[in-house]
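The block underneath contains the structure these notes are about, expressed in structure tokens.
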Amino acid sequence: MTTTTTVWVLGDQLNRALGALRDADPSTHRVLLVESAAKLASRRWHVQRAHFVITAMRRFAGELRDAGYEVDHRRAPTLRDGWRAHVEEFSPVEVVATEPASWDGLALLRSLDVTLVRSNQFLCHYEDFAGWADGRTNLKMEDFYRWQRRRLGYLMEPGIEPDDRSGSDAQPVTGRWNYDDENRQRPPKTGNPWPSPQTSRLDDLDREVLADLPDDCWGAEPDGTWATTRRAALARLRNFVDDVLPMFGPHEDAMVERSWHLAHSVLSPYMNIGLLLPGEVCDAVQQAYDEGHVDIASAEGFIRQVIGWREYVWGVYWLWMPDYRSRNALAADRPVPPVFRGEAATDMNCVHHCMSTLHDHAYNHHIQRLMVLGNLAMLHGVDPWAMTDWMWSSFVDGAEWVMLPNVIGMSQWADGGMMATKPYAAGGNYIDTMSDYCAGCRYDRKQRVGEDACPFTTLYWDFLARHHDRLVGNPRVARQVRASERLSDLPAVRERAVEVRAMLGDGTL
Ligand SMILES: Cc1cc2nc3c(=O)[nH]c(=O)nc-3n(C[C@H](O)[C@H](O)[C@H](O)COP(=O)(O)OP(=O)(O)OC[C@H]3O[C@@H](n4cnc5c(N)ncnc54)[C@H](O)[C@@H]3O)c2cc1C
Ligand code: SF4
């Protein structure tokens with residue numbers, strides 16, 4: 001064999017079209033995959049998260065072998081140890097790798113003798129994002145999204161050649177960029193039209209991986225919801241586009257007890273580890289729109305999430321690291337409450353539902369993450385890094401690049417407004433409007449004092465009062481801060497908030 005070069009594939013780069021692997025050939029390249037024991041031991045993972053990544057890595061190694069590659073899939077104490085042992089055993093002329101998706105990963109590979117190949121895992125490389133951001137005082141997601149739409153050509157007027165699409169004249173099909181107004185409907189009172197996600201049958205490899213996982217993993221064992229091969233992930237994509245996408249838009253922000261997924265795609269885990277690429281996901285949506293299978297509000301709503309939010313989050317992560325992860329503008333310092341760690345039950349029906357979904361599927365949809373779990377953590381005053389760390393270990397699609405902006409920026413407002421112009425803080429009224437949780441809850445969303453008061457409502461008013469000086473000058477939230485000043489029962493609310501936070505802290509709420 002004339003193999004001389006090693007392609008080191010990281011656990012979130014499982015796709016043959018990516019970076020260093022794209023131009024590799026079995027006759028000249030060997031592949032290295034390292035399962036790091038330190039990574040596995042670094043957090044108390046949800047079992048479905050740990051199983052998903054390790055199984056997908058092992059299956060990918062098998063696919064590469066089937067394609068003729070010699071694969072060195074090794075377990076090692078750390079990634080560095082795995083690389084070192086590989087180099088000692090095989091003496092490759094060169095080790096190449098696709099740019100990693102994390103700051104620390106990039107630093108590690110740069111410190112080793114590894115040649116990095118530019119990543120094509122996102123539609124906008126972070127250097128291009130930095131170019132877009134350069135000179136702007138305000139990094140509005142909407143501006144970035146329109147720039148992406150023009151550049152990439154999704155849902156744009158036909159007849160404009162791709163090269164012209166970044167020009168300012170390019171217009172969206174239908175003339176409108178944004179369908180958020182149509183896509184924020186309250187949940188329907190009855191009915192469950194949202195098809196269940198496909199599942200795969202577990203096999204011996206799944207069981208082998210489960211046996212290898214640390215004992216302290218938590219959550220329900222995998223039930224086949226999360227696909228661990230590209231082939232199965234592509235089938236999930238097809239299924240989503242054909243059967244679910246037409247319903248995606250209207251209830252994007254709704255939460256109901258009777259469905260853990262509604263019309264969400266549940267595709268994020270696959271995009272985040274490379275089993276699917278964002279371009280092919282958006283192409284499938286564009287095609288469904290072109291064929292008249294999906295209306296513009298749902299197609300636009302979905303494309304916005306992927307080429308807008310997802311790529312924006314990726315771009316700001318690289319722009320603002322490394323100090324971004326230590327931001328704590330609201331000086332929040334409490335630990336993650338026991339109810340999130342699965343160590344306590346709760347009477348808060350919304351939290352109970354989100355937590356049982358998380359336990360069963362290692363997943364919550366966006367509005368549950370932002371407006372229930374994230375909101376409660378911010379109102380309580382949880383340390384933003386502790387919250388990031390907890391979410392990272394709990395969600396099947398977790399990764400630092402996506403967690404940091406979403407948690408530190410969006411949900412905890414720990415960056416003081418770099419990402420979101422105002423904190424996503426809300427009381428029980430918001431949750432009641434967007435869900436069916438409150439009707440079955442022992443707390444009363446309208447009350448802010450007393451034993452029956454909704455903890456969200458109490459903590460919301462307390463939060464506005466607690467951060468009065470910081471928030472009163474913010475035009476997007478000043479009205480609510482002023483309203484908190486005028487509450488006749490504010491002292492009682494603040495007293496109740498102390499009790500609520502104590503109960504949340506000791507797991508008795
Ligand atoms: C506090 C918090 C934590 C989050 N943690 C993660 C995480 O660990 N991993 C993760 O992939 N997403 C995370 N998100 C973003 C978003 O909630 C998930 O991407 C989404 O819920 C995944 O489910 P889905 O595939 O069914 O999404 P859909 O509703 O079907 O959306 C389609 C796709 O859009 C992308 N997307 C939408 N919003 C975002 C966003 N804000 N950031 C990045 N991508 C987005 C995802 O790739 C998603 O698959 C988080 C959001 C918040 C507020
Ligand atoms: S009343 Fe409050 S705690 Fe209960 S479900 Fe509604 S928002 Fe959640």
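The values are calculated or read from the model by the stated rules, or taken from the named source; none is laboratory data. What you are looking at is a predicted structure, and each value in this text was computed from that prediction instead of being measured. All Cβ positions, even for glycine, are placed from backbone atoms using ideal geometry, and neighbour counts span all protein chains on display. Side chains are part of the model used for accessible areas, which takes the heavy atoms of the whole protein and leaves out ligands, DNA and RNA. Shrake-Rupley method; radii C 1.70, N 1.55, O 1.52, S 1.80 Å.
Can you give the alpha-carbon Rg of segment 72-207 over 2.2 N^0.38 Å, where N counts its residues? Could the numbers behind the result be given before it?
Details: Rg = 23.0 Å, N = 136, 2.2 N^0.38 = 14.2 Å.
Dividing the Cα Rg of segment 72-207 by 2.2 N^0.38 Å gives 1.62.
Placing R0 at 41 angstrom, the Cβ-Cβ distance between E94 and N239 gives a FRET efficiency of 0.50 after rounding to 0.05. Mean residue ellipticity at 222 nm, helices only, the chain: -12000 deg cm²/dmol; runs of at least 4 DSSP H residues each add -39,500 (n - 2.57), and the sum is divided by the number of residues.
In segment 450-509, how does Rg compare with the Kirkwood Rh, expressed as the Rg/Rh ratio over alpha carbon atoms? The partial results should precede the final answer.
Numbers: Rg = 12.1 Å, Rh = 11.9 Å.
Rounded to two decimals, Rg over Rh is 1.02.
The order of D347, D169 by accessible area, most exposed first and with a 1.4 Å probe, is D169, D347.
In Å, the Kirkwood hydrodynamic radius of segment 175-215 over pairs of distinct alpha carbons? If you can, show how the numbers build up before the last one.
Working: mean 1/r = 0.0648 Å⁻¹.
Averaging 1/r across every pair of different Cα atoms and inverting gives 15.4 Å.
Please work out the Cα center distance from segment 42-58 to segment 165-215, rounded to the nearest Å. The two parts, judged by their Cα centres, are 21 Å apart.
Note on V500: accessible area approximately 0 square angstrom, rounded to 10, probe 1.4 Å, nucleic acids and ligands left out.
Surface calculation, 1.4 Å probe, protein heavy atoms: R49 sits at approximately 30 Å² accessible. Note on E495: accessible area is roughly 130 Å² with a 1.4 Å probe, heavy atoms of protein only.
Remark on V96: its backbone amide H falls under 5 Å from those of T6, V7, W8, T115, a criterion applied only to residues 5 or more positions apart or on other chains, H modelled at 1.01 Å from N.
Between helix 384-394 and the chain there is an angle of about 60 degrees, using the helix long axis and the longest principal axis of the Cα atoms.
For segment 197-306, the Kirkwood hydrodynamic radius from C-alpha pairs, put into Stokes-Einstein at 4 °C and a viscosity of 1.567 mPa s, yields a diffusion coefficient of 84 µm² per second. Rounded to the nearest 10 degrees, the angle from helix 455-466 to the longest Cα principal axis of the chain is 90 degrees.
State in Å² the accessible area per residue of the chain; use a 1.4 Å probe, count heavy atoms of protein chains only, and round to the nearest integer.
Values: 20880 Å² over 509 residues.
About 41 Å² of surface per residue is accessible.
Between D66 and A439, residue separation times 0.36 nm minus the direct Cα-Cα distance comes to 128.9 nm.
How large is the Kirkwood hydrodynamic radius of the chain, counting all unique pairs of alpha carbons, in Å?
Working: mean 1/r = 0.0413 Å⁻¹.
Evaluated over the chain, this radius sits at 24.2 Å.
How high is the FRET efficiency from R258 to E157, r the C-beta distance, R0 30 Å, rounded to 0.05?
Details: r = 40 Å, r/R0 = 1.33.
Efficiency at R0 = 30 Å is approximately 0.15.
Rounded to a whole number, what % of the accessible area of the chain do carbon and sulfur atoms account for, probe 1.4 Å? Walk me through the intermediate numbers first.
Working: 9880 of 20880 Å².
Taking all protein chains in place, the chain shows 47 percent carbon and sulfur surface.
I'd like to know how segment 363-509 sits against the 2.2 N^0.38 Å rule of thumb: what's its Cα Rg over that expected value?
Numbers: Rg = 15.1 Å, N = 147, 2.2 N^0.38 = 14.7 Å.
For segment 363-509, the normalised Cα radius of gyration is 1.03.
In this simple spin-label approximation, K39 and A107 carry label points 7 Å from Cα along the Cα→Cβ vector, and these lie 1.7 nm apart. Taking label points 7 Å from Cα along the Cα-to-Cβ direction, N328 and D169 give a separation of 5.4 nm.
A full extension of the chain between A492 and A344 corresponds to an added length of 50.6 nm, given 0.36 nm per residue minus the alpha carbon distance.
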